[in-house]
Amino acid sequence: MEVVLDSSFLLEWVSRPIKRIEELELKLGKVEFVVLDATIKELEKLASATGVKAKKASAALEYVKNLKRVNVVNINSDTDLTISRYAAKHGSAVATLDQELRRRLKETGVTVLTLRDDNLWIDR
């Protein structure tokens, strides 16, 4: 299953260990992490600032260099909406910590991966 990573998840992923990630393939089958161009643009904007979040964003940008990058024509420039539409269209799961995006995804039947106490959780 393709899993789209959003910026909120990536910022946490690069800053602390995530437990139970090895269980992911047991529950979802073969997993391929992907990142949308819109998410990379968000990370680039965050990385151009200063502070802890900027450092996390820089680390996330370094990490995603090894992932499949997906270019989606983003007409309205709303990254969350782009992620939602892409995931629904392609049957992808989404890894996010964004509460509003999680709600929107769950309403459309998209599988959501999130973190709770450094553990990876799957919401279907």
Filtered residues of segment 23-42 (kept if touching a strand residue (DSSP E or B) at 6+ places or on another chain (Cβ under 9 Å) and at pLDDT below 85): E23, L24, K27, L28
Qualifying positions in segment 76-90 - in a helix (DSSP H, G or I) and not aliphatic (A, V, I, L, M): T79, D80, T82, S84, R85, Y86, K89, H90
Residue that is surrounded by the most Cβ atoms within 10 Å (Cβ to Cβ) [pool: residues in segment 89-116 that are at negative phi and out of contact with any helix residue (DSSP H, G or I) (no Cβ under 8 Å at 6 or more places or on another chain)]: R102
Pair list, Cβ under 7 Å, 6 or more apart: segment 1-25 residue more than 16 Å from N119 (Cα to Cα) and touching a residue at least 12 places away in the same chain (Cβ under 8 Å), other residue in a loop (DSSP other than H, G, I, E, B) and of a type in the set (D, E): D6/D98
Helices (runs of 4 or more DSSP H) fully within segment 1-75 counting 2 or more residues that are surrounded by fewer than 18 Cβ atoms within 10 Å (Cβ to Cβ): 24-28, 37-47, 52-64
Identity of the residue in segment 41-63, hydrophobic (A, V, I, L, M, F, W, C) and in contact (Cβ under 8 Å) with a residue 12 or more places away in the chain, that ends up farthest from D80 (Cα to Cα): A59
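The values are calculated or read from the model by the stated rules, or taken from the named source; none is laboratory data. The shown structure was predicted, so the numbers you read here are calculated from the model rather than taken from an experiment. Methodologically, a virtual Cβ is constructed for each residue, glycine included, from the backbone with ideal geometry; neighbour enumeration extends over all protein chains shown.
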